[in-house]
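K.L.:
Following this message is one structure expressed as structure tokens.
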Amino acid sequence: MLQIDEQIGAVVAADTKGAIGALDNAILSELRLCTTVVEVIQQSGVPIGSSQKLLQSLTSGLSQIVAGRADIAQTVRHLNAIKGRSSLAPFNFGCPDGWTQANLGQTLPTMHTESADGC
């Protein structure tokens, strides 16, 4: 069994939640920018060739942020699996906002935790 200090577990959990929050904020910012750009395109008459390239660039960036969020979701699964096989198994650091054990998938080994949500 891995021996991991509870304070270190709490720091990792807080940093994980912060990283997910940062990605969610980046997604929101990108969506706001897309909305603003579409409004500007409509009001200013930007030629379709130029506006199409701009919109494709914006949506490509958004897709990459969303893909990065999927990678973080996988990281959370791995962290949860490690926690379950360590001295931290009985501790509940809480799931990232909006997450439950169900979000972590069914491929994780069964873990003993005291929390109702399993995180």
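K.L.:
Looking only at region 70-93, count every residue that is under 13 Å from the mean Cα position of the chain (by Cα) and without any contact (Cβ under 8 Å) to a residue 12 or more places away in the chain and tell me the total.
P.N.:
Applying the first criterion (under 13 Å from the mean Cα position of the chain (by Cα)) to region 70-93 yields 70-77.
Subset that is without any contact (Cβ under 8 Å) to a residue 12 or more places away in the chain: 70-71, 74.
Adding up the residues that qualify gives 3.
K.L.:
Mind checking which pairs have a first residue in region 1-15 that is open to solvent by 100 Å² or more (accessible area, probe 1.4 Å) and a second that is not in a helix (DSSP H, G or I), Cβ under 6 Å, 6 or more apart or different chains?
P.N.:
Within 6 Å, the pairs are Gln3/Ser87.
K.L.:
Out of region 16-46, which residues are surrounded by 14 or more Cβ atoms within 10 Å (Cβ to Cβ) and in contact (Cβ under 8 Å) with a residue 24 or more places away in the chain?
P.N.:
To start, the set of residues in region 16-46 that are surrounded by 14 or more Cβ atoms within 10 Å (Cβ to Cβ) comprises 16-17, 19-20, 23-24, 26-27, 30, 34, 37-38, 41, 46.
Within region 16-46, Thr16, Lys17, Ala19, Ile20, Leu23, Asp24, Ala26, Ile27, Glu30, Cys34 meet the criteria.
K.L.:
Which condition does His78 not pass, out of (1) in contact with a helix residue (DSSP H, G or I) (Cβ under 8 Å, 6 or more places away or on another chain); (2) within 30 Å of Ile8 (Cβ to Cβ), if it passes all the others?
P.N.:
(1)
K.L.:
Being over 14 Å from Pro96 (Cα atoms), touching a Ser or Thr at 6+ places or on another chain (Cβ under 6 Å) and not in a helix (DSSP H, G or I), is that true of even one residue in region 4-12? Working first, answer last.
P.N.:
We begin by selecting, within region 4-12, every residue over 14 Å from Pro96 (Cα atoms); these are 4-8.
From the residues that got through so far, the ones that are touching a Ser or Thr at 6+ places or on another chain (Cβ under 6 Å) too are 4.
From what is left, the residues that are not in a helix (DSSP H, G or I) are 4.
Yes, region 4-12 contains at least one residue that is over 14 Å from Pro96 (Cα atoms), touching a Ser or Thr at 6+ places or on another chain (Cβ under 6 Å) and not in a helix (DSSP H, G or I).
The values are calculated or read from the model by the stated rules, or taken from the named source; none is laboratory data. Because the structure is a prediction, the values reported are computed rather than measured. We place every Cβ from the backbone using ideal geometry, glycine too, and count neighbours over all the protein chains shown. Just the protein is used for accessible areas: all its heavy atoms, side chains included, with ligands, DNA and RNA removed. Shrake-Rupley method; radii C 1.70, N 1.55, O 1.52, S 1.80 Å.
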